[in-house]
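The values are calculated or read from the model by the stated rules, or taken from the named source; none is laboratory data. Owing to the predicted nature of the structure, the values given are computational and were not obtained by experimental measurement. Quick reminder, even Gly has a Cβ in these numbers, built from the backbone with ideal geometry, and neighbours come from all protein chains shown. Note: areas computed on protein heavy atoms with side chains; ligands, DNA, RNA excluded. Shrake-Rupley method; radii C 1.70, N 1.55, O 1.52, S 1.80 Å.
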Amino acid sequence: MGEWLVSLEGTDQGRQLATLLVLMAALAHAAFGALQKGKHDPWVARGSIDLWFTLVSAPFALFVVPWPEGAMWGVLAGAMVIHFIYKVTMALAYEYAAYTVVYPVVRGSGPLVTVIFASVVFHEHFTLVQWLGVACLSGGILLLALRNLSEEVIDPWRVKVALVWAVLCGLMVAVYTTYDAWGIRQATDPFTFLAWFFFLSGVDMPIIAILKLRKSGERPQIGPLMWRGFAGAVIGWISFGGVMIATRLDKVGEAAVLRETSTVFAALIGWFILGEKVGPRRLALMTLIAIGAIIVEMGG
């Protein structure tokens, strides 16, 4: 299957598959964020998800795909460090403010930086029309965050702290998107990178979650927590894996921008599942975000 995927690089079929994978990843990523911000402490929830990342990925990494060779171990080590920093900043942001405040800031600050990184690393260049699309999408996302923020009634200091962590997390999104795109392109078989990435990246957060539980004395219900973790791992495979494959098949910048339609899906999840309010202004901003993604996709 890896050889078939590689054969699609640079073809029209590959570009179409990349677009479908990114849209699927956008929906999955919104669901993934909601799972981490749900009823459990975000550190504990992420620890459960990462534990299942390792458990689900182990058979594929150890027995199905070719093992990494030579320099690929260093590439994977770099990805572990970058994603650990991303996960810590994400959990800290969720610890201080609501999902609908934090998530749009993270996703809104990421695309612009990713496009710049992709231009430097992969020599990709957006047209003027595509930059207009980026402005619509990122602007819509950040205005959505401001709209959500205006309705928050928690301590202003907590909101400010959450926003700082969210912006830092958005920067890490750009860093890991660019690095992962580079990393998966170094692998002869892209599924080797994917399987070993998920197998190794699930080691850190379960340890932190256990330490947090010991310190707090909290005793969460193991059954629901494990089911949430398993669902998060499966969704995470679709989300992160889909984008990584898309960046191997097509342009990194376009994939990064299109993925941020996840903010629209996140708003819908917050509305229908988490019971958070969505009014006409928010719906208008969601439409602006979608239009921006369409402009980027069609303007290339």
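Report those helices (runs of 4 or more DSSP H) wholly inside segment 11-113 carrying at least 2 residues which are in contact with a Gly (Cβ under 6 Å, 6 or more places away or on another chain) and under 20 Å from Ile269 (Cβ atoms). Talk me through it step by step, then tell me what you get.
Numbers: elements: 12-36, 42-59, 72-96.
Helices (runs of 4 or more DSSP H) meeting the threshold: 12-36, 42-59.
I want to confirm something. Restricting to segment 255-291 and keeping residues that are open to solvent by less than 20 Å² (accessible area, probe 1.4 Å), assigned to a helix (DSSP H, G or I) and among the charged types (D, E, K, R), which single residue is farthest from Ala187 (Cα to Cα)?
Arg282
Find all pairs meeting these conditions: Cβ atoms under 7 angstrom apart; at least six residues apart or on different chains; first residue within segment 69-98 and more than 15 Å from Trp182 (Cα to Cα); second residue small (Gly, Ala, Ser).
What qualifies is Ala93/Ala162; Ala93/Ala166; Tyr96/Ala162; Ala97/Ala162.
Residues to consider are Pro220, Pro224; find the one that is more than 16 Å from Phe60 (Cα to Cα), over 22 Å from the mean Cα position of the chain (by Cα) and assigned to a loop (DSSP other than H, G, I, E, B). Can you show your working first?
Numbers: Pro224 fails: assigned to a loop (DSSP other than H, G, I, E, B).
Among Pro220, Pro224, only Pro220 is more than 16 Å from Phe60 (Cα to Cα), over 22 Å from the mean Cα position of the chain (by Cα) and assigned to a loop (DSSP other than H, G, I, E, B).
How many of the residues in segment 39-71 are crowded, with 18+ Cβ neighbours inside 10 Å and more than 20 Å from the chain's Cα centre (by Cα)?
The number of residues fulfilling the criteria is 3.
Of all residues in segment 148-159, which are in contact (Cβ under 8 Å) with a residue 24 or more places away in the chain and either β-branched (Val, Ile, Thr) or open to solvent by 80 Å² or more (accessible area, probe 1.4 Å) (or both)? Walk me through how you get there before you give the answer.
First pass over segment 148-159, keeping only residues in contact (Cβ under 8 Å) with a residue 24 or more places away in the chain: 148-149, 151-152, 154, 158-159.
The answer is Glu151, Ile154, Arg158, Val159.
Out of segment 129-147, which residues are in contact (Cβ under 8 Å) with a residue 60 or more places away in the chain, open to solvent by 10 Å² or more (accessible area, probe 1.4 Å) and either touching a Phe, Trp or Tyr at 6+ places or on another chain (Cβ under 7 Å) or not charged (D, E, K, R) (or both)?
Filtering segment 129-147 down to residues in contact (Cβ under 8 Å) with a residue 60 or more places away in the chain leaves 129-130, 132-141, 143-144, 147.
In the following step, the residues that additionally are open to solvent by 10 Å² or more (accessible area, probe 1.4 Å) were identified as 129, 132, 135-136, 138-139, 143, 147.
Residues satisfying the conditions are Val129, Leu132, Ala135, Cys136, Ser138, Gly139, Leu143.
Conditions tested, residue by residue: (1) among the small types (Gly, Ala, Ser); (2) farther than 21 Å from Ala25 by Cα; (3) part of a helix (DSSP H, G or I); (4) touching a strand residue (DSSP E or B) at 6+ places or on another chain (Cβ under 8 Å).
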| residue | (1), (2), (3), (4) |
| --- | --- |
| Leu163 | no, yes, yes, no |
| Val175 | no, no, yes, no |
| Ala181 | yes, no, yes, no |
| Phe193 | no, no, yes, no |
